[in-house]
Structure formats: C-alpha cells, structure tokens
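Chemist: Submitted below is the structure of interest, expressed as structure tokens.
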Amino acid sequence: MKVRFQLKRGDFTLDAAFDLAEQGITAVFGRSGCGKTSLLRCMAGLEPEARGQLEVAGVVWQADSQCLPTHRRALGYVFQEASLFAHLTVERNLRYGWRRVAPSHRRVEWQTTVELLGLAPLLNRYPDQLSGGQRQRVALGRALLTSPDLLLMDEPLASLDSDSKAEILPYLEQLHRTLALPVVYVSHSQDEVLRLADQLVLMDDGRVLTQGPVARVLTRLDMPLAHQQGAQALLEGVVTRQDDADHLTEVECDGQSVWVSQLNQACGTRVRLSVSARDVTISRVPATDSSVLNCLAVQIEALEADLQPGHVLIALRLGNQTLLSRITERSRRLLALQPGDQVYALVKGIAVH
Amino acid sequence: MVIAGIAEADWIALLLTLRLALISTVLLLVLCVPLAWWLAFTPSRAKVLIEALVALPLVLPPTVIGFYLLILLGPRGAIGGALESIGLTHLAFSFTGLVIGSMVYSLPFVVQPLQNAFQSLGTRPLEAAATLRAGPFDRFLTVVLPLTRRGFLTAFVLSFAHTLGEFGVLLMIGGSIPGQTQVASIAIYNHVEALDYGAAHGLSLVLLVLAFSLLLAVYALNRRFRLVGVAQ
C-alpha cells in the first residue's frame, strides 16, 4: 500500500511517502518533532488540512484533499496517553468501539482480546483506578475490538515508566505474532523498534529518509541510525541447541552458530538478536584463545568514517545479514581492512529479543 | 384570593418568573453550545471580539441593555418594526420580549461555564471517539455531554438564578403588566413603592427560599458529579 501525505503547519512541512506492508509492524522512527505523529494523524484523518493518498483494504481513505472522516475509517488508534473515557468503566470503554461495528464485520473476538491483554480483572474499574500500563492495555484492547484494517500506534509506551513498559511489551510481541493486519508503530525508542518492527521508516524533518526491512535500515552506513552512539545490528536466527550445563543456548544465524545466555525457548524457535556496534571487534585470524565466545566468519561490506573522530564504522556481511562494528581508525590501518576482505567478527555482547 | 399569605396576583408574578427563567435558560443552553464550542477551539482572531461581546452584559447597567432592547424590539425598532411590517406585533412589553431580554442578560453566565468545560475537556476524547467509529452527533451525546455535565449544570443554575433576580432589563422591556410581564422582582418593587411591606416580605421570602434551595441542591449534586467530572 502506498501512503503519501503533505501537511503544512506554521513553518513545519510534512511531506512523507512510504510503502505500507500488508502485514506486520511498520515502525516510523525519528527524533521528536520530525513529523512522525503528524503523519500518523494524517493517516487517521485527524488532520483536516492534510492532502495525500491512502487506500486501505480496497477503501480509499484519502485522495488529495478528498478525505473519509475518521469515524468511517476501519482503523484502530492507540494514543500516547491512553485517552480512555473517564466516565466509563473499562468494560464500557472496550464496548464503545465494539458496539459501533456491525456484528458481520467483527473479526476480533471479545473473549480472546480480553484474555490476551489480561483485562478480565479490570472490567469493572474506572480509568482513574488503573495504572499507566493497565490503561494502555485497555486502550489497545479498545482499538483492537473495532476489528481494524489498520492499527495505528503513536508511541504507546513513551509515557510509561520502565516497569509498565516491560509489562506491555510482551503483549505487543504476542499481537505481532497473532495479528494479520498492518500496524504502523510510531516510536523514538530504538529498543522498541528492535523488538517489534519488521519494516522501518526513518523520518527526519518532515520527510522520509529511507525505508526497508528493519535489520537493513539499522545497518546502512549512509543513514544516521548506524552512526548513533548506541548503534545496533539485528540478527535473526533459530534456536538449535540448549547447553544446560553451561547455561547457554545456541542460535543458528545463516549457517553460523552463535551462543547466547540460556533462553527459555524450544529448538526451532525464531529469535532476534541485537548486537551493538561497539561490542564487535575484528580479527584477521579466528580467535581460538580468547574469552570471547562468538567468533563469526564475515565479509567486510563497507567502511565509513564515524562521527566520532578517529573511529570507523564497518558493515560486516554474515550470510544475508549485516553486523556493525565500530573500531578505531588506527586499528583499521594496522589491519589494512578493505571492503571485500574476509575477516572474523568477535562478538562480546548479544541481547536477545 | 390569598394563598399561604400571598395574594393571587403575586403568585401569578412568581409563576411567570419561573416560566421565564426556565424558558430562557433552556433556549440559552441549546443556542450557546455551538458558540461556546467555537470559542473554546477556534484559532480565529475574531475570538477576542466575540468574547468581549459575550461578556458585555456582565458590566453594562441592566437599564442600558433594557433600553437598547426596548428600542430594537419596539414598534419602530429594527426587529419590532420588521415584525410589524409583515403583519406581526412588535415585542416590547410582551413575554417574548422578556425572554429575549433575559437571554441577552444571562448570555455570559451560560457561555463561560460551557466554554471552560469544553476547553478542559480538550479535543482528545473526541478524537478517540472518532477512531472508535462514533460520528459527530454520537460523539457529542456519548462523550461531550457526560464529560462536561458539570459545566452544563453550572450554566443552567447560574442562568436560572440570574433570571430569577433580574429587574432592570425586564422593567425596561416589559414594564409591569400583571400576568404578562410583571415578574416577582417587579411585583416586590411595586409593593414597596405602595408601602405594602407585608406583601413585599411574603414574596421576597419565597424568592429567598427558592434561590437558596436551588443552590443547595446544586452543590449537593455537584459533590456526586465530581466523581466523574472533567478534572482527571
């Protein structure tokens, strides 16, 4: 689905276009003020001045200034603050949208949603009797129960403390696995993007810089994400072995084995690993007598001077995936690293998502 | 005929007062919703001008408002004259004239609480309702009304009580025609003029008790409403 929107407000101009995947989570990522929330509001029809194009599930939502009113769009919207109706109980908040969708159009089950989001014990409470995390769960359930063709989420975790975030993320991940609908997830948290996103749309100053599969966009040396202090690469792999004695789990990434702290996952499960650029060092020879557990055979794809003086950023090819490494310019010179070289990546820390 | 120590004519004046207060308040509430909504959310520069106009009855002497309305609604006024020319009667010294006068006089008492309530509600609950498939009228009934009912209650009480105590505007437009334009406050004035202090006492006491019980009921209700008011 092609999405394109323009909006002028004061001296800020939004002019953004991207492809929306039919399924999975498309994260719209950028600094605050880059226009990502405005873009989401345009998609929801909440910006009457917007012009653009959006067609969802065969229905034209926007064509130039022709705009389908928000209440006629089959969307779910989760605001940054839960925005529950203060005068209604949780149950009546959930029923608000549910009642307004014709029974023949309901694809999301009431019972399933209430159970999935753990809402059953909250049904009789009022919003002001809920914690931030609980409120956001209700807001999510309320949006889902309208059986949307498109789910829009505007930094749903940004206003929560880290405990509430940790409480909600598993629900979001579960949704990610079970929902067959496109989700646009606006965020400025790299951690959320690493855990949830399939596609990544990178925005800056009202424009889309680039878009693509999240692992690809994160490691593009010509894009700002790779140059961030906490730049990370994303590896996908399959759990292949458990070593109970050493409390380690083997994950196979494109034919190479990676050991991580023991995971409570069955063999065959797909997992996401994230690796910080600063945790990857490079060696010309395989590191046989080193404490670093993971030594992967990779090929140098590209090198680029880092923003930090005296450092270079290197993209390393591992099968079809890419790792990032940040090393000093001196090391690069001493090892005479060039694009195309076969080297070994020594990976110190790996986080599992 | 005297009932409960008050003459029949005074009862009629009292009933007329209540009828006037009720009709003008209900009409005001309906008409002021769009105006207050516009004032709460418009980015227009005209807002300041309209706000000042709406607040004008707060500071103008009632006789000034009454005087202008009398001219406007009278047989040679812009409105009264127009009515006469199409075969209707002008509105000076009529109940309809009183209703219009009360509405002008109580306008700020309805607009301001509503505007405040709409402003503190904000647009977010409406946006949320729209994303949940509620159309504009649906949103007003199921979100705006329940969340701003304290504002509506305040507006109703202020306007109603204010109209009960109105004197200057009504005397100017309505005069003192018993059964048509003679309201309680004017009847009291007439009694005092005629040195009939007993009758003035009776009617005054009824108004005092009425106003006090009205406010008491509202404050008691407000304690309950506060639980689900706009304030988070």
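Chemist: Hey, can you list the DSSP H helices of chain B whose Cα span along the axis is 27 Å or longer and whose average Kyte-Doolittle score is at least 0.5?
Modeler: Details: long enough: B:8-41 (49 Å, 1.87); B:95-121 (37 Å, 0.97); B:197-225 (41 Å, 1.40).
Membrane-span-like by this criterion, though nothing is claimed about a membrane: B:8-41, B:95-121, B:197-225.
Chemist: Sticking with this one: B:L195 to B:L27: extension gain in nm, 0.36 nm per residue of separation minus the Cα-Cα distance?
Modeler: Working: separation 168, 0.36 × 168 = 60.48 nm, distance 3.69 nm.
Stretched out fully, the B:L195 to B:L27 stretch lengthens by 56.8 nm.
Chemist: What's the longest uninterrupted piece of chain B once you rule out the trypsin sites (Lys or Arg not before Pro) that are loop residues per DSSP with at most 11 other Cβ within 10 Å?
Modeler: Result for the longest clean stretch: B:77-232.
Chemist: Per Stokes-Einstein, at 10 °C and 1.306 mPa s, what whole-number D in µm² s⁻¹ belongs to chain B, with the Kirkwood radius over Cα pairs as the hydrodynamic radius? All intermediate terms of the calculation are to be shown ahead of the outcome.
Modeler: Details: Rh = 19.5 Å.
Value of D from the Cα-based Kirkwood radius: 82 µm²/s.
Chemist: Along Cα→Cβ, 7 Å out, is where each label goes; now give me the distance between the ones at A:A120 and B:V64 in nm to one decimal.
Modeler: Each label point lies 7 Å from its Cα, and together they span 6.8 nm.
Chemist: So, with +1 on the Cβ of K and R and -1 on the Cβ of D and E, and no other charges, what is the size of the charge dipole of chain A about its Cα centre, to the nearest 20 debye?
Modeler: Working: 37 positive and 40 negative charges, 178 e Å.
Value, rounded to 20: 860 debye.
Chemist: Okay, next question. Run the quick spin-label model on B:L205 and A:L169: label points 7 Å from Cα toward the beta carbon, then report their separation in nm to one decimal.
Modeler: In this crude spin-label approximation the distance works out to 7.5 nm.
Chemist: Which whole-number percentage describes the relative contact order of the stretch B:2-224, with Cα contacts under 8 Å and a sequence gap of 6 or more? Write out the running numbers ahead of the final one.
Modeler: Numbers: 256 pairs, mean separation 68.7, N = 223.
Here the relative contact order equals 31 percent.
Chemist: Within a 10 angstrom radius of the beta carbon, how do A:K348, A:K2, A:K165 rank from fewest other beta carbons to most?
Modeler: Values: A:K348 15, A:K2 11, A:K165 20.
Ascending number of Cβ neighbours within 10 Å: A:K2, A:K348, A:K165.
Chemist: Starting from a Cα-only point model with no solvent, please compute log10 I(q)/I(0) by Debye for chain A at q = 0.09, 0.10, 0.14 1/Å.
Modeler: After summing over all Cα pairs, the log10 values are -0.57, -0.70, -1.16.
Chemist: Remind me, relative contact order of chain A in percent, using alpha carbon pairs under 8 angstrom and six or more residues apart? Show your work: numbers first, answer last.
Modeler: Working: 749 pairs, mean separation 56.4, N = 353.
The value is 16 percent.
Chemist: How much length is gained on full extension from A:D246 to A:D191, taking 0.36 nm per residue of separation minus their Cα-Cα distance? Spell out each step's value before the answer.
Modeler: Working: separation 55, 0.36 × 55 = 19.80 nm, distance 2.78 nm.
Gain in length upon complete extension: 17.0 nm.
Chemist: Using a Förster distance of 41 Å, how high is the FRET efficiency between A:E329 and A:L179, based on the Cβ-Cβ distance and rounded to 0.05? Can you show the working numbers first?
Modeler: Working: r = 46 Å, r/R0 = 1.12.
Rounded to the nearest 0.05, the efficiency is 0.35.
Chemist: Find how much the distance from A:R72 to A:E55 grows on full extension, using 0.36 nm per residue of separation minus their present alpha carbon separation; answer in nm with one decimal. Before the final figure, lay out each step's value.
Modeler: On the way: separation 17, 0.36 × 17 = 6.12 nm, distance 1.30 nm.
Full extension of this stretch gives 4.8 nm more.
Chemist: Give me, ordered by chain and number, the residues 5 or more places off A:T210 or on other chains with an amide H under 5 Å from its own placed amide H.
Modeler: Those qualifying (amide H under 5 Å, at least 5 residues apart or on another chain) are A:L202.
Chemist: Continuing with the same structure: Quick one: check the C-alpha center-to-center distance for the stretch A:21-62 versus the stretch B:1-54, whole angstrom.
Modeler: Each part's Cα centre sits 45 Å from the other's.
Chemist: A further question on this structure: Return the average number of partner chain Cβ atoms within 10 angstrom of each residue Cβ along peptide A:59-71.
Modeler: On the way: counts 0, 0, 0, 0, 0, 0, 0, 0, 0, 0, 3, 9, 10.
The shielding value for this peptide is 2.
Chemist: Rg(Cα) of the stretch A:232-352 divided by 2.2 N^0.38 Å?
Modeler: On the way: Rg = 14.6 Å, N = 121, 2.2 N^0.38 = 13.6 Å.
Here the Cα radius of gyration is 1.07 times the empirical estimate.
Chemist: Which order do A:S162, B:S106, A:S276, A:S189 fall in if you start with the one that has the fewest other Cβ atoms within 10 Å? Could you put the intermediate results ahead of the total?
Modeler: Values: A:S162 8, B:S106 25, A:S276 19, A:S189 15.
With the sparsest Cβ surroundings first, the list reads A:S162, A:S189, A:S276, B:S106.
Rule-based calculations on the coordinates, nothing more; no lab input. On a predicted model such as this, the values are computed, not experimentally measured, just so you know. FYI the Cβ positions are ideal-geometry reconstructions off the backbone, even for glycines, and counts take in every protein chain you see.
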